[in-house]
Amino acid sequence: MFTQSLEFKTTDLDTFPFPFTSGNYRYSNDLKRLSNINCIEVTPEYRLQVETKRRLLQEQPHIRFQSFPHTLEMQWEVLEMLIDMATDRHPEHYEVIKDGDNWTFKNHIFGESDSFLFGDASTLPNEPLDYIGRHFHNDFVLMVHRDSNFYLEVGQVSYAALFSANWNKGMSFDEIHAPVPFVSKKGDELAERVRKFLLSIEPGKPWTRINWNLMADRWDVNYETMDVWGPQRSEITPENAGKLVRLRVEEQKFYRMPRSNAILFVLNTQFLPLEDLTLRQEWFDLTYSVLQDIPEPMAEYKGIAPFLPQSVEYLSRIDEEQKANINNK
Amino acid sequence: MYNSPVLFDKSVTIVNHFTPRNERRKFVVISDPAGYEKVKNFTSEIAGKVPVECLSINGMDDKEEIKRFILSQKMGTQFYIAAAWNNAVMVFSLGVEAGLSEDEIQTVIIGPKRRYVYCMKCFEVSEVAEEAIAECDHCSASLEIGPFYSIVREGYIGYPFIPVAKEEVIGS
């Protein structure tokens, strides 16, 4: 059975999507145009992440993948886009042979080769998005555009942060974000503003934003396992927070699919233990400043309230040590 | 369609008293024996203002007749349902199946409403009272009932938790 203890952390700091640009964080519609529109990345932790993701999908299929039967055509569109991106960006790792509708997709990292008939889901071992998603470390969520809103109709989610593909299946963007109790700096409802923004996204012009959280020694926190991770959060102490608490960063990319008009969310989740923040002093300073200043409702909403004080205390002790070292020199 | 409205205890169509929608071309009133009195009062209130058609039902045995009756109505009709929970759910569902929106239906529930929780452990629904916590009928998980409702799952979210007594046993 899958263990949730976190075995991996980001080692390539140059690609870690550090979320803070100032020492004060509040929710805002911080979407930006995506400079590199190709979302396929092969990180040093690729094998570990993808193997873990596949294990989760194998052991918990109803939790990790959900779809409606009418979405197959949309899923093929996503499969095609991801394969084209993968082979374009990393031809050393991925290869596709297209002979009309007869396709062969190769993943050289795992030494895998799959032949299938494009458009015929019966020739794949899983539904199209579920199949292709197992070759990348990202989570994928397909939100279908209808009546000025988006509805979650397909989701492959292995890094949940207070989320469940099973529960959120079929919900509108507004319903999924219903608990957001905050308003942005400008005073507008954040979810409403983001939804309106997503409506304006055009094919070929994806956007991105970065979301962050803290994780207490967990790969993910979904609704299905609240009874397990809920109590565990209070086991964090200032002494163990450096190793056990991770800065969880979710780089979100939003693509308008040209044929279905749906929006594909591609989520790249990375983790950095608090103790590794000192590898980049600026990251340590910003994170320490942000975490000291988190309003209580935001901490509750993010699910970090039970271990935020211990995490801040850990950072405070490091900060004091650093200052003492400077004074002693 | 998966996102068609379903009737649940906090549905927007559930009202305490019917409101005449005089901009509609016709009113259709459907009631079971429990809703008879409610309908009688309403129909006297609106008499002569808008054309009204009434249908009295007994229960599931009348399903086909209700279906035909709803399908025979024209656009611009406002539907009023006064019934006990099970009958109200049946009529509401048939209305939605026929293409009605929630705006075109008002429902008065006679007697108790039913409420369901969706267990995030076993993905089954259990009937619950108006309470903050419950036990899943299927897997016995302790559930904290959240405020969010899923029309796909047809229940409120049930967050699993370990009650204090059990937590002590596990930790001991």
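What follows draws every value from the coordinates through simple rules; no lab data is involved. This is a predicted model, so every value here is computed, not measured. Every residue, glycine as well, gets a Cβ built from its backbone with ideal geometry; the counts of neighbours run over all protein chains shown.
Which FRET efficiency value, to the nearest 0.05, do you get for residue A:21 and residue A:104 by plugging their Cβ-Cβ distance into 1/(1 + (r/R0)^6) with R0 = 45 Å?
Values: r = 44 Å, r/R0 = 0.98.
That gives a FRET efficiency of 0.55.
Kindly rank B:111-120, B:87-96 from highest to lowest mean number of other beta carbons found within 10 Å of each residue. Don't skip to the answer; put the middle values down first.
Working: B:111-120: 19.4, B:87-96: 22.7.
The peptides rank, most packed first, as B:87-96, B:111-120.
If I model a spin label at residue A:58 and residue B:85 as a point 7 Å from the Cα along the Cα→Cβ vector, what separation in nanometres do I get?
A separation of 4.4 nm, rounded to one decimal place.
Are there any GluC sites (Glu not before Pro) in region B:69-172 that are in a DSSP loop and have at most 12 other Cβ atoms within 10 Å? List them by number. Walk me through the intermediate numbers first.
Numbers: sites: B:97, B:102, B:104, B:124, B:127, B:130, B:131, B:135, B:144, B:154, B:167, B:168; in loops: B:124, B:130, B:131, B:154.
Those that pass, being in a loop and sparsely packed, are B:130, B:131.
Set the Förster distance to 45 Å, then compute FRET efficiency between residue A:95 and residue A:278 from the Cβ-Cβ distance, nearest 0.05.
Numbers: r = 41 Å, r/R0 = 0.91.
E between residue A:95 and residue A:278, to the nearest 0.05, is 0.65.
Along each of its three principal axes, how wide is the spread of alpha-carbon positions in region A:70-116, in whole angstrom units, largest first?
Here the Cα extents, ordered largest to smallest, are 34, 19, 18 Å.
Work out from phi, with θ = phi - 60° and the Karplus expression 6.51 cos²θ - 1.76 cosθ + 1.60, the ³J(HN,Hα) of each residue of region B:123-129, listed in order in whole Hz, and give x for Gly and Pro.
Karplus-based 3J(HN,Hα) across region B:123-129 equals 6, 10, 9, 10, 7, 9, 8 Hz.
For chain B, count the residues as N, evaluate 2.2 N^0.38 Å, and divide the Cα radius of gyration by that value, please.
Numbers: Rg = 19.5 Å, N = 172, 2.2 N^0.38 = 15.6 Å.
With N residues counted in chain B, Rg over 2.2 N^0.38 Å equals 1.25.
Each residue of region B:55-69 in turn: what ³J(HN,Hα) in whole Hz from Karplus with 6.51, -1.76, 1.60 and θ = phi - 60°, glycine and Pro shown as x?
Values, residue by residue: 9, 9, 10, 10, x, 4, 4, 8, 3, 5, 5, 5, 4, 4, 5 Hz.
Do the sum for chain B: with -39,500 (n - 2.57) for every DSSP H run of n ≥ 4, divided by all residues, what is the mean residue ellipticity at 222 nm, to the nearest 500 deg cm²/dmol? Numbers along the way, then the final one.
Working: 4 runs with 41 residues, N = 172.
That calculation yields -7000 deg cm²/dmol at 222 nm.
Report, in listed order, any pair from A:106/A:205; B:10/B:67; B:38/B:113; A:53/A:169; A:32/A:53 with a Cα-Cα distance greater than 23 Å.
Details: A:106/A:205 28 Å; B:10/B:67 25 Å; B:38/B:113 16 Å; A:53/A:169 19 Å; A:32/A:53 28 Å.
Checking Cα-Cα distances, A:106/A:205; B:10/B:67; A:32/A:53 exceed 23 Å.
When the Cα atoms of region A:191-309 are enclosed in a convex hull and the volume is divided per residue, what value in Å³ results?
Working: hull volume 16.4 nm³, N = 119.
Looking at region A:191-309, the number lands at 137 Å³ per residue.
Per the helix-only calculation at 222 nm, which mean residue ellipticity applies to chain A, given -39500 (n - 2.57) for every DSSP H run of n ≥ 4 and division by its residues, nearest 500 deg cm²/dmol? List each step's numbers first, then the result.
Working: 12 runs with 111 residues, N = 329.
Value at 222 nm, helices only, nearest 500: -9500 deg cm²/dmol.
Using only the alpha-carbon atoms, how far is helix A:281-292 inclined from the longest principal axis of chain A? Give it as 0 to 90 degrees, nearest 10.
Tilt of helix A:281-292: around 80 degrees.
Please compute, over every Cα-Cα pair in region A:74-224, the percentage with a separation greater than 23 angstrom.
Working: 5484 of 11325 pairs.
In whole percent, the long-distance tail amounts to 48.
Considering Cα pairs under 8 angstrom that are at least six residues apart, work out the relative contact order of chain A and quote it in whole percent. Display every interim value, and only then the final one.
Details: 536 pairs, mean separation 74.1, N = 329.
Normalised by residue count, the contact order of chain A is 23 percent.
How long is region A:259-300 along each principal axis, judged by its Cα atoms, biggest number first, in Å?
So the extents along the principal axes, rounded to whole Å, are 45, 29, 15.
Give the average, rounded to an integer, of partner chain Cβ atoms located within 10 angstrom of each Cβ in A:164-173.
Working: counts 2, 0, 6, 11, 5, 4, 7, 7, 1, 0.
Going residue by residue through A:164-173 and averaging, the value is 4.
Give me the one-decimal nm value for the distance between modelled label points at residue A:327 and residue A:84, 7 Å along each residue's Cα-to-Cβ direction.
Taking the two extended label points, one gets 6.1 nm.
What nm distance separates the two modelled labels at residue A:13 and residue A:201, each placed 7 Å from Cα along Cα→Cβ?
Inter-label distance under the simple model: 3.1 nm.
Mind putting together the pair-distance distribution for region A:1-154? All Cα pairs, 5 Å bins, whole percent per bin, short to long.
Taking all Cα pairs of region A:1-154, the binned fractions are 1, 7, 14, 18, 19, 17, 13, 6, 2, 1, 0 percent.
For region A:73-108, state which GluC sites (Glu not before Pro) are in a DSSP loop and have at most 12 other beta carbons lying within 10 Å of their beta carbon.
Those satisfying the criteria are A:92.
Can you pull out the cysteines in the protein assembly as shown that have no other Cys Cβ under 4.7 Å?
Cysteines of the protein assembly as shown left without a disulfide-compatible partner: A:39, B:54.
How do A:219, B:85 line up, fewest other C-beta atoms within 10 Å first?
On the way: A:219 24, B:85 16.
Ordered from fewest to most neighbouring Cβ atoms within 10 Å, A:219, B:85 come out as B:85, A:219.
For A:220-228, what's the mean count of beta carbons from other chains sitting within 10 Å of each residue's beta carbon? Each step should come with its number before you reach the end.
On the way: counts 0, 0, 1, 8, 7, 3, 9, 13, 3.
Mean shielding by partner chains, rounded to a whole number: 5.
Tell me which GluC sites (Glu not before Pro) from region A:191-259 have a DSSP coil assignment and no more than 16 other beta carbons within 10 Å of their own. Please list the in-between numbers first.
Working: sites: A:192, A:224, A:235, A:239, A:250, A:251; in loops: A:239.
For GluC sites (Glu not before Pro) across region A:191-259 that sit outside H, G, I, E and B with at most 16 neighbouring Cβ atoms in 10 Å, the list reads A:239.
Beyond 16 Å, what share of the Cα-Cα pairs of region B:87-128 is found? Please give it as a whole percent. Numbers along the way, then the final one.
Details: 462 of 861 pairs.
The proportion of pairs with Cα distances above 16 Å equals 54 percent.
Would you mind getting me the FRET efficiency between residue B:67 and residue B:26? Use the beta-carbon distance for r and R0 = 25 Å, nearest 0.05.
Working: r = 18 Å, r/R0 = 0.73.
That pair, residue B:67 with residue B:26, gives E of 0.85.
Read phi for every residue in region B:29-39 and hand back ³J(HN,Hα) as whole Hz from Karplus 6.51 cos²θ - 1.76 cosθ + 1.60, θ = phi - 60°, with x for Gly and Pro.
3J(HN,Hα) across region B:29-39, in whole Hz: 10, 10, 9, 9, x, 5, x, 4, 4, 4, 5.
Can you give me the Kirkwood hydrodynamic radius for the protein assembly as shown, using every pair of distinct Cα atoms, in Å to one decimal?
Details: mean 1/r = 0.0388 Å⁻¹.
The Cα-based Kirkwood calculation yields 25.8 Å.
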